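S.K.: Let me begin by handing over the structure; questions about it come next.
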Amino acid sequence: MQNRREFLKISAAGSLTMMLFGAAGCTTGVLKDRKSFGVGIQLYTIRDAMAADARGTLKKVSDIGYKNLELAGYSDGKFYGFAPAEFSKIVTDLGMVNLSSHSMVEAPSISLDKAKLMADAHAELGVKFCIKPWIEPVDRNIESYKKMIGDVNEVAKITKGVGIQFGYHNHNFEFANINGVVPYFDLFLPGMDADLVTMELDLFWASKAGQDPVAMFNKYPGRFQLLHMKDMLHNQPPFYEVIKDDVCSVGAGVIDFKKILAAKQIAGAQYIFVEDDNQGNGKPFEGIDLSIKNLTTKIL
């Protein structure tokens, strides 16, 4: 009888452990809360919804299970029209974190005064990263790239002064060969100060340009603190135009994210962000729900 009581105690304790830890402590049982995985979302993915109702949209994002946010709505010291402290409170109250922000710093029109305003606003918001996300087509030439790199280093000094890491987010055009020069490898990586500027590698666009992310990590270890996660429906020959038709939710396409994430320590990767340039092809919330579902049940 005593042995039976002890057996029941042990069984009950084991069942409680499964309930508390789920997938983290066993191969079966209750799954972990999605937020515990720390998956981020680039809010450009749901830009129309953010423009229409930022508060309501952020609530939906939190309910789906995202933890970290990367913003795409900075302008003149505000974020989606909110003062930094106000936006920060909205996000914090929802159990999320403002981790990163995309902010345009264009090579032809850069102003250090504007950069200082941007840095101070982002510092008040509390982000760790501020990322340059785009280069206009008119500036996609060797001379503009060289000027931009110098500007980026200067802006990165300003953001570092307020405790923010500056970074650069790629598409596919940076990998196009221009008269024997591949800008991403021959200009950006050597020219952007590694102590000041991190690379946010977009795995979709790098793949569309014919690049192997793991090979990039091995060649440039520690340079990629942030990764953008979006999948592609088909493997295609490399191309360098920004064509988004092939974007799909993470885990719904052909990119081997497990293989890539297995090399995250070599990359120096600290955070991942789901992004869908096409806003889920008209179903943005369904799209981001599928991405985090696949990440938290099949990939991470």
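S.K.: Taking the condition under 21 Å from Ile135 (Cβ atoms), within 15 Å of the chain's Cα centre (by Cα) and modelled with pLDDT of 95 or more, does Phe239 pass?
M.R.: Answer is no for this residue.
S.K.: Please give the helices (runs of 4 or more DSSP H) falling wholly within segment 205-300 in which 2 or more residues are touching a Leu at 6+ places or on another chain (Cβ under 9 Å).
M.R.: 213-219, 257-261, 264-267
S.K.: So if I check each of Phe204, Phe224, which one is surrounded by 19 or more Cβ atoms within 10 Å (Cβ to Cβ) and either outside the structural domain of His169 (by TED's automatic domain parsing) or closer than 18 Å to Gln165 by Cα (or both)?
M.R.: When all the criteria are applied, what remains is Phe224.
S.K.: Report yes if some residue within segment 177-188 is touching a residue at least 40 places away in the same chain (Cβ under 8 Å) and either in contact with a Cys (Cβ under 8 Å, 6 or more places away or on another chain) or not in a helix (DSSP H, G or I) (or both); otherwise report no.
M.R.: No, that holds for no residue.
S.K.: Please state which of the following conditions Val61 fails to meet, knowing it meets all the rest: (1) free of Cβ contacts under 8 Å to residues at least 40 places away in the same chain; (2) in contact with a strand residue (DSSP E or B) (Cβ under 7 Å, 6 or more places away or on another chain); (3) of a type in the set (A, V, I, L, M); (4) farther than 21 Å from Ile131 by Cα.
M.R.: The single condition Val61 does not satisfy is (1).
S.K.: Do the conditions hold for Asp186, that is, is it modelled with pLDDT of 95 or more, among the acidic types (Asp, Glu), surrounded by 15 or more Cβ atoms within 10 Å (Cβ to Cβ) and more than 21 Å from the chain's Cα centre (by Cα)?
M.R.: So Asp186 passes the test.
S.K.: A further question on this structure: Which strands (runs of 3 or more DSSP E) does segment 58-139 wholly contain that include 1 or more residues that are polar (S, T, N, Q) and assigned by TED's automatic domain parsing to the domain that holds Lys283?
M.R.: Fully inside segment 58-139 and qualifying: 68-71, 97-102.
S.K.: Scan segment 153-163 and tell me whether some residue there is at negative phi, touching a Gly at 6+ places or on another chain (Cβ under 9 Å) and without any contact (Cβ under 8 Å) to a residue 60 or more places away in the chain.
M.R.: Yes, segment 153-163 contains at least one residue that is at negative phi, touching a Gly at 6+ places or on another chain (Cβ under 9 Å) and without any contact (Cβ under 8 Å) to a residue 60 or more places away in the chain.
The values are calculated or read from the model by the stated rules, or taken from the named source; none is laboratory data. Keep in mind the model is a prediction, meaning the values are calculated, not measured. As a convention, Cβ positions derive from the backbone with ideal geometry for all residues, glycine included, and neighbour counts pool all protein chains shown.
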